[in-house]
Each structure stands twice: as C-alpha cells, then as structure tokens.
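Colleague: Sharing a structure with you now.
The values are calculated or read from the model by the stated rules, or taken from the named source; none is laboratory data. Being a predicted model, the structure only gives us computed values, none of them experimental. With ideal geometry, Cβ positions are generated from the backbone for all residues, glycine too; neighbour counts draw on all protein chains shown. The area values use the complete protein model at the heavy-atom level, side chains included, leaving out ligands, DNA and RNA. Shrake-Rupley method; radii C 1.70, N 1.55, O 1.52, S 1.80 Å.
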Amino acid sequence: KNKRSLKSILLAGSLLISGLLSAQQPKVLQHGAHRVGKRTDVEMATWRGYGMGQFIHWGVYSLFGGELNGNYYNGAAEWIRSWKDMPNGVYDSAYKQFNPSSFDATQWAKMAKQMGVRYVTFTTKHHDGFCLWPSKYTDYTIANSPCKKDIVKQVVDAYTKEGIDVYLYFSIMDWHNPDWRYDLKTKEDSVAFERFKLFTKKQLTELLQQYPQTKGLWFDGTWDNSWKKSGAFTDTLEQYLKTLHPGLIIGSRFRADEFGNRHVDATGVLMGDYEQGWERKIPKTYADVHGNDWDCVMTIPENGWGYQKKWLGHWKTTNEILEMTAQCVSLGGNFVLNFGPKPDGTFRPEEVEIAKEAGEWMKINNAAIYNCEYAGWEKQDWGYYTKKTNENKVYMIVFNVPVSRSLKVKPSKNTLVDKAYLLTAPGKTLSLEKLDYDASFIQLPSAQYKQPFVIVLETKEGGEKSDEQKAKT
Ligand SMILES: C[C@@H]1O/C(=N\OC(=O)Nc2ccccc2)[C@@H](O)[C@H](O)[C@@H]1O
C-alpha cells in the first residue's frame, strides 16, 4: 500500500514539474516573429542584391574625434559623451559649434557612387540624442545649431539622385531625453518611459513622412531592459511603421518579444527582415546565417564609427575590404563599410583613398557582387564563389593564386561547368582539366596577378553522379 502511494506521489510530482517546464516554453508567441524565412517581396529582393553598402556616422561626437584636452577616449569615438573625463555640460553645449563649412551631400553621394555602393545607412540620431534633422519634438537638433541645414534631407536627396538607396539609422537609446530609462523599476520609470515611447513613435513618424524616399530604418540602442520589457510596444510600433511606409525594411536589432528576447524570439525565429547582429564580424560558414538575410557592418579601423582623430591599431587595406565584401556576398549577405566624416563635413584622406580604390575594382568586377548569392559549392583556398541570382553563372573571386596556378573547382551536385573565362577576357576560354568525378583544375595563364580577379563559370545541369549512382558503377 505504502509502495503504491509513494509511486503515485512520484508520478504526480514528475507530471507537475514537466507541466511547469512546458509552461515556460511558449507554444504561440503574441509578440514574436510574424514570419518564418526570408521576405519574398521585390523591396527585399533589391536589398538582397545590393552586395556593398556604406554606413555614415556623423554628429556632435564628430567635433571631438575621440579626444578632449589632448587625452584620447579609449573607446568608440561616438560614445565620448559617456567618458568619465567628459563633463556633460561640455558635450551637451558642443552642438553650438556644429557648423560643417565643407559639408556637401552631393560630393558624399558621388564618392559613394564611384565606390560602387548600392545603399547607404545614415545616422539621423545617435545615442547622444542630437537630431540631424529639424525634429519638432526636441530642441536638441540641427535647427538650433549654427548649421541650420536639414542634413538628413540633403543626404537622402543627394544619394537618391545618384541611385543609391537610403536607410536611416536611429538610436532608440537617447541620453539627452530625460524620459529615457535603462530599466523600468519604479512606477515613475514606467510613466516616464511611456512618454519616451510616444516621443520615439513621433520622431520615427516624422522621419518617414519628411523623407519618404527612405527604404528602411536601421535601429540601434535597443539592448537595455527598458526596451526588452516593451516587447508588445516594439511589435505594435514595427507594424505601425510598416503600415505607414509599405515595403519598409527593418532589421533584427529593433524588436523584443514578450519574454525580452532580441533578434531571435523564444521559439528560435528571427524577428526582423534580416539579421543585424553581424557587426565587425563575418559568418564563417553558410550554416552560421541560419537561412536568414543578413548584412555585416564594418569599421575601417579596428573599432569606432564616428570620426576619430587617431586611428588606433590596424586599419583595413582596400584588398582586405574587397575580400570581406566577396566573403559576405559568397555567404548570401551584404557588406557595409563605415565612414566617419570630420566635423567640417569632409572625409579623412584614408577613407577617400579606400573609396576610390574599391570603386576601381568594383567598376570592373561588380558582376560578381551585384545581385549575387550563395553558390553552395565547396569553398576552395583561392577565394570565394558567388552565384548570379536567376542565372546559370557562378563567379570565382580569386584572392590567392597557388604557385601551380591551378585553381581547383568542385561544382555542387548535378551541376556541370560548361565554360570558364576571365571576366575581363570573355573571348578566351580557360582550360578545364578533369580531376575525377566532381572536380576540375582551371589552369591560369602565366601572368602577374596583383589584384583580386574574377573568373566566370557558365554552368549547366547534369554531370556529377549522385552518391547512389556512383555506388553502382
Ligand atoms: C554601429 C554601431 O552600433 C552600436 N552598437 O552596436 C552593438 O551594440 N552591437 C552589438 C552588440 C552585441 C552583439 C552584437 C552587436 C553603437 O553603440 C555604435 O556606436 C555604432 O553605432
């Protein structure tokens, strides 16, 4: 009798515990992702084909360039207001000196066009709360600086005129707004943050209404508890913005679900139109992107997005930047390079040089970057494959020529290479030496390969047998 009752107690206990555990795993989320898999509309297809983009961080922080009284801030220059050696009064009055005498949005847009970027993400308001457009909802804007110009409008108009799509960076975290909260611990916190959420909605509405050419919003400053506790609000706000601006593209850094998860909701689905977590890092393999759209945002120096008087450590060469671009496109993403204009509105000479050199390469080789996707072929040491979307063309972007000058090519299953030639010499077919069932060597003509270059592989179905067919022979 005792044994039986003990058994029934244990059984009841285990049912209770498993019930509680399963209660923590939500079956259906109210405020999680509303779509599984990639967006399939034309706006997102355009975004997917960009290949290369430009990021621009510009604002009051640019005045300091990471330095104050001869001392350098040991962090990202656009965070200098948070430096313990920066008296708030000094930073918060600095906007009265913001007067970029050499700012010329058309020049910026032409440099970007020459570089070959297809989209730009521009800082409308960074964490410091200073607005580069004349917002009606705060005095802390460009309208009350000596500059007075509507910088956002000039950038949107100039880049759009050059055929470069514009995305607006917006920081939710706003150090200047007294209603901003890092966390919601008290009733007062919640009352203030309700005001802050309304302020945020109003500013985003005015950005989309005043700059309707905008293709998307790049959100930042959404990692604090106050925002993570506002999952329902972020969901409602995202749906409101997309209703206000059909086709709008918003990445995964915006939303939180009702459990405070960001980027990926409690059921493991990405919230947002693309993964926005690849910041200064690139996925190693295609598996790492989990079938999502994504882009990588990258600084030229090791870190730091706003103008920095001194670039600490290593800054990337043009070839490194081209290789990162090829690497991102080869894994189905876009590569976005950041520029930090100086307070006067001009760029550092290193940035101008990189834009020029990258542009010279892109002018010749952009077929392997624009409207290309993951090819699914086995990666080889010589470089990266990209595949032209909706065409039987695979590109080899070659960075490392082996001493043998033989480049190994192993097409994906049931794909044959019909023809191979240098992108710059389509009339001269390259010889393909069959190695075994599924690989070939392309023998490069003897030459000095000083620059990365592209080989075009025209493909067709057939050829390589499947494993079970092989087994029969
Ligand atoms: C693009 C950068 O974005 C930021 N922060 O990004 C992140 O916090 N990134 C992040 C954090 C954790 C994981 C992955 C990315 C900003 O603070 C910075 O000033 C710059 O605007």
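Colleague: Give me the distance between the Cα centres of the range 208-239 and the range 263-306, rounded to whole Å.
Modeller: Comparing the Cα centres of the range 208-239 and the range 263-306, I get a distance of 17 Å.
Colleague: About the Cα centre of the range 340-473, what is the dipole size in debye to 20, counting +1 per Lys and Arg Cβ and -1 per Asp and Glu Cβ, all else neutral? Don't skip to the end; give the middle numbers.
Modeller: On the way: 20 positive and 19 negative charges, 63 e Å.
Approximately 300 debye in magnitude.
Colleague: Hey, could you pull the Cα Rg and Dmax for the range 361-440, both in Å?
Modeller: For the range 361-440, the Cα radius of gyration and maximum Cα-Cα distance read 12.5, 36 Å.
Colleague: Rounded if a/c is under 1.5, else prolate if a/b is larger than b/c, else oblate: which is the range 250-333, with a ≥ b ≥ c the root eigenvalues of its Cα gyration tensor? The partial results should precede the final answer.
Modeller: Working: a/c = 3.20, a/b = 1.60, b/c = 2.00.
Oblate, since a/c reaches 1.5 and b/c is not below a/b.
Colleague: Over the Cα atoms, compute the radius of gyration (one decimal) and Dmax (the largest Cα-Cα distance, rounded to a whole number) for the range 28-171, in Å.
Modeller: 18.0, 56
Colleague: Bins of 10 Å, beginning at zero and ending with the bin holding the largest distance: percent of Cα pairs per bin for the range 273-390, please.
Modeller: 13, 41, 33, 12, 1
Colleague: Under Stokes-Einstein, with the Kirkwood radius over Cα pairs standing in for Rh, what whole-number D in µm²/s applies to the range 112-151 at 37 °C and 0.692 mPa s?
Modeller: On the way: Rh = 11.5 Å.
Approximately 285 µm²/s, per Stokes-Einstein.
Colleague: For residue 107 and residue 208 in one chain, what is 0.36 nm times their gap in residues minus the Cα-Cα distance, to one decimal in nm? Walk me through the intermediate numbers first.
Modeller: Numbers: separation 101, 0.36 × 101 = 36.36 nm, distance 2.42 nm.
Net length gain for the segment: 33.9 nm.
Colleague: Something else about it: Treating the beta-carbon of each Lys and Arg as +1 and of each Asp and Glu as -1, no other charges, what is the dipole magnitude of the chain about its Cα centre, to the nearest 20 debye?
Modeller: Dipole of the chain, to the nearest 20 debye: 1040 debye.
Colleague: Okay, moving on. Enter the Cα centre distance for the pair the range 27-96 and the range 311-381, rounded to the nearest angstrom.
Modeller: Here the answer is 19 Å between Cα centres.
Colleague: With label points built 7 Å along Cα→Cβ from the Cα atoms of residue 315 and residue 10, find their separation and express it in nm.
Modeller: Rounded to a tenth, the inter-label distance reads 6.9 nm.
Colleague: Work from the charge dipole of the range 278-406 (Cβ charges, +1 for Lys and Arg, -1 for Asp and Glu, about the Cα centre) and give the residue of 352, 394, 339 farthest towards its positive end.
Modeller: It is 352.
Colleague: How large is the helix-only mean residue ellipticity at 222 nm for the chain, computed as the sum of -39500 (n - 2.57) over DSSP H runs with n ≥ 4, divided by its residue count, in deg cm²/dmol to the nearest 500?
Modeller: -9000 deg cm²/dmol, from helical runs alone.
Colleague: While we're looking at this one, here's another question. What is the spin-label model distance, in nm, from residue 185 to residue 224 if the labels are put 7 Å beyond Cα along the C-beta direction?
Modeller: If labels sit at residue 185 and residue 224, their model points lie 1.3 nm apart.
Colleague: Using only the Cα atoms of the range 320-383, construct the convex hull and provide its projected area averaged over every direction, in square nanometres to one decimal. Walk me through the numbers before you get to the answer.
Modeller: Details: hull surface 20.6 nm².
Directional mean of the projected Cα hull area for the range 320-383 stands at 5.2 nm².
Colleague: If you take the Cα Rg of the chain and divide it by 2.2 N^0.38 Å, with N the number of residues, what do you get?
Modeller: Working: Rg = 26.0 Å, N = 473, 2.2 N^0.38 = 22.8 Å.
So the chain has a normalised radius of gyration of 1.14.
Colleague: Now for a different question. Nearest 0.05, what FRET efficiency do residue 425 and residue 242 give at R0 = 45 Å with Cβ-Cβ as r?
Modeller: Working: r = 47 Å, r/R0 = 1.03.
With a Förster radius of 45 Å, E is 0.45.
Colleague: Could I ask something else about it? Probe radius 1.4 Å, ligands and nucleic acids left out: which of 412, 446 has the largest accessible area, and how do the rest follow? Spell out each step's value before the answer.
Modeller: Values: 412 35, 446 90 Å².
Sorted descending by solvent-accessible area, the residues read 446, 412.
Colleague: Using DSSP H assignments, which helices in the chain have an axial alpha-carbon span of 27 Å or above and a mean Kyte-Doolittle hydropathy of 0.0 or higher? Write out the running numbers ahead of the final one.
Modeller: Numbers: long enough: 2-24 (34 Å, 0.66); 187-210 (35 Å, -0.72).
Correct list, ordered by number: 2-24.
Colleague: What does the charge dipole of the range 281-425 about its Cα centre add up to, to the nearest 20 debye, if the Cβ of each Lys and Arg holds +1 and the Cβ of each Asp and Glu holds -1?
Modeller: Numbers: 18 positive and 17 negative charges, 65 e Å.
Charge dipole, the range 281-425, about its Cα centre: 320 debye, nearest 20.
Colleague: Here is a follow-up. In nm, give the distance between the simple-model label positions of residue 437 and residue 153, each being 7 Å from the Cα along the Cα-to-Cβ direction.
Modeller: 6.6 nm
Colleague: Follow-up. Between residue 36 and residue 446, what length comes free when the chain is fully extended (0.36 nm per residue of separation minus the Cα-Cα distance, one decimal in nm)?
Modeller: Numbers: separation 410, 0.36 × 410 = 147.60 nm, distance 4.91 nm.
Additional length available on full extension: 142.7 nm.
Colleague: Right, here's the next one. If you consider only alpha-carbon coordinates, what radius of gyration and Dmax does the range 114-213 have, in Å?
Modeller: 15.3, 53
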